[in-house]
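Let me begin by presenting the structure, written as structure tokens, before commenting on it.
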Amino acid sequence: MSLTKVIANKTLDRGPVRPEFTYLRLSKIKVLKTQSYPDCTCIETVSFSFEYCDSHGAVSVSKTRFIVESEIETGYRPEESVERDMRRMFSQYPIFNIEQLLAAFKYRDFYR
């Protein structure tokens with residue numbers, strides 16, 4: 001059983017977004033907290049920041065951002081399992097390029 005879940009989402013409104021900008025394109029990943037447990041379970045609290053974009057990935061001029069904060073169980077789980085849980089978690093959002101999001105999360109440690 002996975003503990004991967006969304007714990008909050010919010011919009012930082014910095015201007016109007018045109019109606020054709022209905023997708024969310026990843027702009028930043030920030031690890032807020034990491035909790036490790038004796039059974040090798042590791043829960044990361046992560047903030048994903050998105051820009052609004054159109055169906056081609058063109059970003060809105062508005063600096064409005066959509067933020068998703070989540071807890072993601074990583075630990076000694078296979079990457080495929082973590083990716084599957086993240087796909088399920090983000091399926092409720094219109095993510096422009098989920099593969100890019102998953103790749104960025106996979107290499108998050110290199111960008112801290």
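FYI, it's all coordinate maths here, none of it is from the lab. These numbers were taken from a predicted model, which means no experiment stands behind them. So basically every Cβ, Gly included, is an ideal-geometry build from the backbone, and we count neighbours across all protein chains shown.
Restricting attention to segment 5-35, and to residues there that are of a type in the set (Gly, Ala, Ser) and closer than 24 Å to Glu99 by Cα, which single residue is surrounded by the fewest Cβ atoms within 10 Å (Cβ to Cβ)?
To start, the set of residues in segment 5-35 that are of a type in the set (Gly, Ala, Ser) comprises 8, 15, 27.
Checking which are closer than 24 Å to Glu99 by Cα leaves us with 8, 27.
Details: Ala8: 10, Ser27: 14.
Step by step, filter segment 5-35, then rank; the result is Ala8.
If a residue must be among the hydroxyl-bearing types (Ser, Thr, Tyr) and assigned to a strand (DSSP E or B), how many such residues does segment 30-45 contain? Quick ask: steps written out before the conclusion?
Within segment 30-45, the first condition is being among the hydroxyl-bearing types (Ser, Thr, Tyr), and the residues that meet it are 34, 36-37, 41, 45.
Still in the list and also assigned to a strand (DSSP E or B): 34, 36, 45.
Looking only at that region, the number is 3.
Quickly run through segment 53-112 and pick out the residues that are small (Gly, Ala, Ser) and either in a helix (DSSP H, G or I) or more than 14 Å from Ile43 (Cα to Cα) (or both).
If we filter segment 53-112 for residues that are small (Gly, Ala, Ser), which is where we start, we get 55, 57-58, 60, 62, 70, 75, 81, 91, 103-104.
Within segment 53-112, Ser55, Gly57, Ala58, Ser60, Ser62, Ser81, Ser91, Ala103, Ala104 meet the criteria.
Go through segment 36-48 and give me each residue that's over 20 Å from Glu83 (Cβ atoms) and either surrounded by 13 or more Cβ atoms within 10 Å (Cβ to Cβ) or not aromatic (Phe, Trp, Tyr) (or both).
Once the filter is applied, which keeps residues that are over 20 Å from Glu83 (Cβ atoms) and either surrounded by 13 or more Cβ atoms within 10 Å (Cβ to Cβ) or not aromatic (Phe, Trp, Tyr) (or both), segment 36-48 yields Ser36, Pro38, Asp39.
Quick one: count up the residues across segment 1-29 that are part of a loop (DSSP other than H, G, I, E, B) and either under 13 Å from the mean Cα position of the chain (by Cα) or in contact (Cβ under 8 Å) with a residue 24 or more places away in the chain (or both). Steps first, please.
Looking only at segment 1-29, we keep the residues that are part of a loop (DSSP other than H, G, I, E, B), and these are 1-4, 13-22.
Then keep just the ones that are either under 13 Å from the mean Cα position of the chain (by Cα) or in contact (Cβ under 8 Å) with a residue 24 or more places away in the chain (or both); that gives 2-4, 13-18, 20-22.
Total meeting the criteria: 12.
Scanning segment 31-48 for residues that are hydrophobic (A, V, I, L, M, F, W, C) and out of contact with any Ser or Thr (no Cβ under 6 Å at 6 or more places or on another chain), which turns out nearest to Val68 (Cα to Cα)?
Of the residues in segment 31-48, the ones hydrophobic (A, V, I, L, M, F, W, C) are 31-32, 40, 42-43, 46, 48.
Narrowing further to those that are out of contact with any Ser or Thr (no Cβ under 6 Å at 6 or more places or on another chain): 31, 40, 43, 48.
Values: Val31: 12, Cys40: 25, Ile43: 16, Phe48: 5 Å.
Checked segment 31-48; the qualifying residue nearest to Val68 (Cα to Cα) is Phe48.
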